[in-house]
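Trainee: Please find one structure pasted underneath; my questions will follow.
Quick note: the coordinates plus some simple rules give every number you see, no bench work behind them. What you are looking at is a predicted structure, and each value in this text was computed from that prediction instead of being measured.
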Amino acid sequence: MFTADNGLPAFLTVETGNPSSMTDLLETLIENREMVQPNHANMLEVAHGGNVMKWMDEIGAMSAMRFSGETCVTARVNRMNFKRPIPVGDTAYITAYVYDAGTSSVKVRLLTEREDLRTREREKTTESYFVYVAIDEENQPTTVPELTVDTDEGERLRQAALEGENG
């Protein structure tokens, strides 16, 4: 069995590009699931909004850091409307991607859906737009690359985010 430089078997090694070149929108796309457990729930046995917001913030920061190649901290949350509850036993399916960037700021669209793992049924529950700031080792704002959109799918996602952010 062949091994890579990191000691892992070759089939477990993933080739990665230069992190500073990850500026395309689709390369920032992150999807994650969180199982709603009783300790995440309120008295109505659905996910507590604060837990949903925390999960969204964590996934959004991952997307921003993947894009910028820097540590990113939350600077702003643009409205958070909870349209549907997520019951205990279902998952919060969270999608995040960078759709715009400034000098040191990174805008991330976040969409949360309720997912029933048994039926695979999903319903949109929450959508928001977070702004993160890239920081350096001294916790000072640092520059981020320019966002590129190289595919039709990326452009569709970007336009959906820009429209949603403003409306």
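Trainee: Compute the helix-to-body angle for 152-166: its Cα long axis versus the longest principal axis of the chain, expressed 0 to 90° and rounded to tens.
Mentor: So the inclination is approximately 50 degrees.
Trainee: Give the long-range amide H neighbours of Thr148: residues separated by 5 or more places, or on another chain, with amide H under 5 Å away, using H modelled in the peptide plane at 1.01 Å from N.
Mentor: Asp24, Leu25
Trainee: Another question about this same structure. Taking the inverse of the average 1/r across all pairs of different Cα atoms in segment 22-156, what Kirkwood radius in Å do you get? Each step should come with its number before you reach the end.
Mentor: On the way: mean 1/r = 0.0652 Å⁻¹.
For segment 22-156, inverting the mean 1/r across all distinct Cα pairs yields 15.3 Å.
Trainee: As I understand it, the value is the acute angle between the Cα axis of helix 49-68 and the longest principal axis of the Cα atoms of the chain; what does it come to in degrees, rounded to 10?
Mentor: It works out to around 10 degrees.
Trainee: So who's got an amide H within less than 5 Å of the one on Asp100, skipping anything under 5 residues away but keeping other chains? H placed 1.01 Å off N, in plane.
Mentor: Lys107
Trainee: For the chain, with a Gaussian network of springs between Cα atoms less than 10 Å apart, report the residue from Arg118, Arg156, Arg84 with the top mean-square fluctuation.
Mentor: Per the Cα network of the chain with a 10 Å cutoff, Arg118 tops the list.
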